[in-house]
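The values are calculated or read from the model by the stated rules, or taken from the named source; none is laboratory data. Quantities reported herein were computed from a predicted structural model and do not represent experimental measurements. Cβ atoms come from the backbone with ideal geometry, glycine included; neighbour counts cover every protein chain shown. The area values use the complete protein model at the heavy-atom level, side chains included, leaving out ligands, DNA and RNA. Shrake-Rupley method; radii C 1.70, N 1.55, O 1.52, S 1.80 Å.
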Amino acid sequence: FDMKILIKNGRVVTPRGTCAADVLIEGSRIAQVGEGLSESGCNLYDAAGCLLFPGFIDAHTHLDMDNGVTVSSDDFETGTAAAVCGGTTTILDFATQDRGGTLAKALADWHTKSDGKASCDYGFHMAITDWNDEVSREIDGMAQAGVTSFKLYLAYDNLRLPDGQVYEVLKRVHQIGGIVGTHCENGDLINELAGELRRAGKLSPRYHPFARPDYVEAEAIARYCYIALAADAPVNIVHLSTRLGLEEARRARARGQQVYIETCPQYLMLDESLYEQPGFEAAKYVCSPPLRTAADRAALWDAISNNEVDTISTDHCGYNFKGQKELGRDDFMKIPNGMPGVEHRPAVLYTYGVEAGRMTEGQMAAMLSENTARLFGMYPQKGVVAPGADADIVVWDPSYSGVISVRTQHQNCDYTPLEGMAVHGRAKAVFLRGEQVVSDGEVIRAHRGAFVARGRSDLQR
Ligand code: DUC
Ligand code: ZN
Ligand code: ZN
Ligand code: ZN
């Protein structure tokens, strides 16, 4: 006996349009979507006045991540609870290979961090930090374990791979139909620029962006795309932050390459003027890539309007101001990089994207859910409100008004970079595989998240 739930009077959002329809949930799946479905034997949920989005997917979080000095402030317990309160029903976190270690060990470690603790569904990208023949042989096993996406760094001395190994990884992952997402910044140049700043005594957090200018990102994107051309493989560019980098991605697309672009809310909403605050306050905004100019923000919004951006995820990586960001009081290079954001992405994009006329609600469904599901091998199990899909549904109340604040957030962090930002809309209810887990923005059933085994990447662009 499967429980049946009928969500009535809502409007279902897809990239192909929004239409009034009832949604019948049977057990963990969506059974029917259509007008005037029979109520017999169903529990009813009245979604009058609400939009029904496919559960939002955040493909870029760093929960319980040890950066070598300190551990990000949200773990899988708090981070996934914050995610689901905001309407995110699936996250993809980064499992990171230890240098000298295997991918299998990293995968087991991330299962230990997450299993039984998550309040939304979750999967892992595997970050490869040490590439050799043995690791290459592990790639098939990763695919069999449901890990079909990989992450590389071109910056951070303890994580990055040289270009030849990037080429080998791209070729190898393409063989399994997977996708590689890369942090594109030129690590050597960052080290040089940071060294010059240090020697000039410029060590306060306001100098962080000077070590990582836009061309550092653009050069790495251009190089990554040419390596992908050589490898004849599709590539994902994570956290694109600059107009200059966007232009390099456009060039690669114009050559006929499959290049996917992710950007993040912080690069759309915040800019580098935040680094000019007095004292150590600027440390709150130290993330990499750094916040950019107003012109960069405008270029990214344009790219969203034009469907040049495929996915919008958060790079959620919180560190407390007290005790964690403070590790870099005397040297901005020692400030742990990252900001929290997994909770607020849907409301921010709804308010400043959809309501502001910069994206349609269909584009929001695409970039926060459907494209993400397709790119990372979860479609049509995830990413769509349609028969057969997991019943991951966000009942979005557009009439809600709120203000983002550390006082009300569920993220485990002693600040939010979006403090005081007005938002419209929130997740009035969230269904996770058929079970209502959020009511009026609060978790009502915790720890219902499960690991999502993923298949081949399949996003047409
Ligand atoms: N930059 C990263 O590269 N990773 C985590 C967060 C950040 O700001
Ligand atoms: Zn990164
Ligand atoms: Zn990241
Ligand atoms: Zn609360």
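Among the residues of segment 158-168, those identified as open to solvent by 50 Å² or more (accessible area, probe 1.4 Å) and more than 16 Å from ligand 3 (Cβ to nearest atom) are Pro162, Asp163, Gln165, Tyr167, Glu168. For segment 426-450, the set of residues classified as open to solvent by less than 60 Å² (accessible area, probe 1.4 Å) and not in a loop (DSSP other than H, G, I, E, B) consists of Ala427, Ala429, Val430, Phe431, Leu432, Glu435, Gln436, Val437, Val438, Ser439, Val443, listed by residue number. Between Gly383, Gly420, the distinction of being in contact with a Pro (Cβ under 6 Å, 6 or more places away or on another chain) and at pLDDT 95 or above belongs to Gly383 only. Of all residues in segment 359-378, those satisfying the criterion of being of a type in the set (Gly, Ala, Ser), in a helix (DSSP H, G or I) and in contact with a strand residue (DSSP E or B) (Cβ under 8 Å, 6 or more places away or on another chain) are Gly362, Ala365, Ser369, Ala373. Against the criterion of being modelled with pLDDT of 95 or more, open to solvent by 20 Å² or more (accessible area, probe 1.4 Å) and among the β-branched types (Val, Ile, Thr), Thr18 qualifies.
Residues considered: Gly357, Gly383. Of these, the only one that is open to solvent by less than 20 Å² (accessible area, probe 1.4 Å) and at positive phi is Gly383. Which residues, taken from segment 201-234, are more than 16 Å from ligand 3 (Cβ to nearest atom) and either under 21 Å from Phe150 (Cβ atoms) or assigned to a strand (DSSP E or B) (or both)? Ala222, Arg223, Cys225, Tyr226, Ile227, Ala228, Leu229, Ala230, Ala231, Asp232, Ala233, Pro234, listed by residue number.
Applying the condition of being open to solvent by 10 Å² or more (accessible area, probe 1.4 Å) and not small (Gly, Ala, Ser) to segment 95-108 and asking which residue is nearest to ligand 2 (Cβ to nearest atom) yields Thr96.
The residues of segment 169-205 that are buried (at least 21 other Cβ atoms within 10 Å of the Cβ) and closer than 22 Å to Tyr285 by Cα, listed by number, are Thr182, His183, Cys184, Glu185, Asn186, Ile190, Pro205. Restricting the first member to segment 3-27 and to residues that are among the hydroxyl-bearing types (Ser, Thr, Tyr), and the second to residues that are crowded, with 21+ Cβ neighbours inside 10 Å and not in a strand (DSSP E or B), the beta-carbon pairs closer than 8 Å and six or more apart or on different chains are Thr14/Ala365; Thr14/Glu370; Thr14/Val384; Thr14/Val385; Thr18/Glu361. State yes or no: is Thr416 free of Cβ contacts under 8 Å to residues at least 12 places away in the same chain and either assigned to a loop (DSSP other than H, G, I, E, B) or exposed (fewer than 15 other Cβ atoms within 10 Å of the Cβ) (or both)? No: the conditions fail for Thr416. Looking across segment 306-346, just one residue is open to solvent by less than 50 Å² (accessible area, probe 1.4 Å), assigned to a helix (DSSP H, G or I) and free of Cβ contacts under 8 Å to residues at least 60 places away in the same chain, and that is Lys325.
When residues in segment 248-276 are screened for being within 27 Å of Cys317 (Cα to Cα), among the charged types (D, E, K, R) and more than 22 Å from the chain's Cα centre (by Cα), 1 of them pass.
In segment 32-46, the qualifying residues are those that are within 10 Å of Leu6 (Cβ to Cβ) and of a type in the set (Gly, Ala, Ser), and the one that is farthest from ligand 1 (Cβ to nearest atom) is Ser40.
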